[in-house]
Amino acid sequence: MSDWNRSVRRWVARYGPPEIAGTAMAMVAWFIVDAMTGNRVAAAYGGSIGENLGFYGTFMLRSLANPDGDKAADGEGSPSRRVWRRARRTTTSAIVEFGPSEVLDTLLVRPLAMGLATAALGPQAGVFLGKIAADVVFYSVTIAGYELRRHVSR
C-alpha cells in the first residue's frame with residue numbers, strides 16, 4: 001500500500017465518524033433555526049454551530065476514550081487526576097490541530113458556503129452541498145496541520 005493510501009485511510013479513520021455526526025447536527029440545527037426564525041443567515045450560522053457540536057463532541061469523546069495509545073503519559077495519581085490530565089492533553093492537541101482551520105471555517109467559510117448554496121439550491125441540497133464545499137477548505141488546512149504535528153512529534 002502506498003504512503004498516500006495509508007494517509008487517506010488514517011484521515012478517514014480519524015475524521016470520518018466525527019464528520020458523520022457533524023453533518024447530521026448541521027442539518028438538524030439548520031432546519032431548527034430556519035423554522036424558528038425564518039432567517040436564512042441565522043440558519044446558516046445555526047448549521048455551522050450544530051456541525052461544530054456534532055463534530056467536536058464526537059472527536060473529543062473518541063480522543064478521550066483512546067488517546068492514541070498514550071497510556072504512559074497519564075502518569076501517576078488518582079483516576080480522576082489522570083482523566084483530567086488526559087482531557088487537558090486532548091483539548092490542547094485539538095486546539096493545535098483544528099484552531100486555524102476552525103477560525104476561518106466558523107467565522108467565514110462555512111456560513112458563507114451554506115448561505116450561498118441554500119440561496120441557489122434551496123435548503124435540502126444547499127445545506128449539504130454548502131457543508132461539503134466548506135469541508136474542502138477546512139480539511140485542507142486541518143490535515144496539513146495534523147501531518148505537520150505528526151512529523152514534528154516523531
Evaluate the range 8-25: report whether one residue or more is hydroxyl-bearing (Ser, Thr, Tyr), surrounded by fewer than 13 Cβ atoms within 10 Å (Cβ to Cβ) and closer than 24 Å to Ala120 by Cα.
no
Taking Glu97, is it farther than 17 Å from Glu19 by Cα, touching a residue at least 12 places away in the same chain (Cβ under 8 Å) and acidic (Asp, Glu)?
no
Would you pick out the residues in the range 47-66 that are within 23 Å of Ala117 (Cβ to Cβ) and open to solvent by less than 40 Å² (accessible area, probe 1.4 Å)?
Gly47, Ser48, Gly50, Glu51, Asn52, Gly54, Phe55
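The values are calculated or read from the model by the stated rules, or taken from the named source; none is laboratory data. As the structure is a prediction and not an experimental result, all values here were calculated from the model. When we count neighbours, we look across all protein chains shown, and the Cβ atoms used for this are built from the backbone with ideal geometry, even at glycine. In case anyone asks, the SASA skips ligands and DNA or RNA and just uses the protein heavy atoms, side chains included. Shrake-Rupley method; radii C 1.70, N 1.55, O 1.52, S 1.80 Å.
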